[in-house]
């Protein structure tokens, strides 16, 4: 019984480490992409300005670049909140309930 508890604790710790690692990978990609956008956004926009004559399309491109960046940042923040356990209790309860269901199902 004690070995089973240690095994479960080890698996939970392993899952937490994987979640944290995935978050840092996500953060790293976000930072790299934002640096690329900051450094090359003028070049990207001038590329489209040379090929598109409609000023509304150019404004849409500019807006789209930064709105998508903001949405990605929002997603990154949510990911961080989830990983570092600043989440509502109902999620923890749901996870525990689901784990118990799956464990009972596997025993049958």
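Each reported figure results from applying straightforward, stated rules to the coordinates on display, with no laboratory input. Every value quoted in this text rests on a predicted model; they were computed, and no experiment measured them. We place every Cβ from the backbone using ideal geometry, glycine too, and count neighbours over all the protein chains shown.
Using the Cβ-Cβ distance between residue 65 and residue 35 with R0 = 22 Å, the FRET efficiency computed as 1/(1 + (r/R0)^6) comes to roughly 0.95. When the convex hull of its Cα atoms is viewed from all sides, the chain shows a mean projected area of 10.5 nm².
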